[in-house]
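Novice: Quick one: this structure, given as C-alpha cells, is what I'll be asking you about.
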C-alpha cells in the first residue's frame with residue numbers, strides 16, 4: 001500500500017510504522033486510524049503488509065486483542081540481553097509456568113478455575129505472574145462472588161516470542177479435554193455453592 005493519505009505525502013505504511021516506532025508501548029488500533037485520519041480497515045491491511053515486510057528482520061509486529069506494537073525478534077533475545085547487560089536467567093517456577101499455561105489457553109479464566117485444574121491454592125503464583133506483568137486482571141465473571149478474570153499481557157507475548165495468542169502451540173486433544181472438564185467442574189461447584197448460600 002503506497003498511497004498517500006490525508007494531508008501527508010507519505011505512504012500509509014510509512015506513517016503507521018512511524019507511529020508504532022515512537023509509541024512507548026502497545027497502541028490501540030483505533031487510535032492509529034484516528035491519528036492518521038484513515039479507515040480502520042486500511043490500517044488493518046497495512047498491518048498485514050508490515051508483517052510480511054518484517055519476515056526475516058530484527059523486529060516484529062505484535063498484536064494482542066485491539067492493540068499492536070513493534071517488538072524485537074524473539075530469536076535475537078540473547079544478543080539483546082548481552083547488549084543491554086540484562087540477566088536473562090530469571091526463570092519461572094514449575095507452578096508459575098503451569099498456571100501461566102492454564103491462563104494462556106483458557107483466558108479469561110478465574111482463580112477457582114485455575115485451582116480446579118492445578119488442585120492447589122494459586123493465589124501466590126497468580127500474584128507473581130501479575131507482578132511480573134505476564135498476567136493481568138481483565139474483569140469479573142458475572143457469577144456469585146464475581147471472581148476476577150485473568151488473561152495474558154503483551155509482556156507475556158514478548159517473553160515467549162509470540163506475535164499473538166493464536167501463535168500458542170496447539171494443546172493435545174486429551175490435555176484440552178482434561179482442562180475443559182476441570183474448569184467446567186469448578187464453575188459448576190461455584191454455582192452450586194452460590195445457590196446454597198441464597
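The values are calculated or read from the model by the stated rules, or taken from the named source; none is laboratory data. Predicted model only: the values in this text are computed from it and were never measured. Neighbour counts run over all protein chains shown; Cβ positions are idealised from the backbone, glycine included.
Novice: Determine, yes or no, whether residue 184 is free of Cβ contacts under 8 Å to residues at least 24 places away in the same chain and over 15 Å from the mean Cα position of the chain (by Cα).
Specialist: yes
Novice: Mind telling me which of the residues 139, 133 ends up being in the same structural domain as residue 169 (by TED's automatic domain parsing), assigned to a strand (DSSP E or B) and on the phi > 0 side of the Ramachandran plot?
Specialist: Working: 133 fails: assigned to a strand (DSSP E or B).
Sole residue among the options that is in the same structural domain as residue 169 (by TED's automatic domain parsing), assigned to a strand (DSSP E or B) and on the phi > 0 side of the Ramachandran plot: 139.
Novice: Restricting attention to region 152-174, and to residues there that are within 21 Å of residue 126 (Cα to Cα) and outside any loop (DSSP other than H, G, I, E, B), which single residue is modelled with the highest pLDDT?
Specialist: Across region 152-174, the extreme among qualifying residues is 152.
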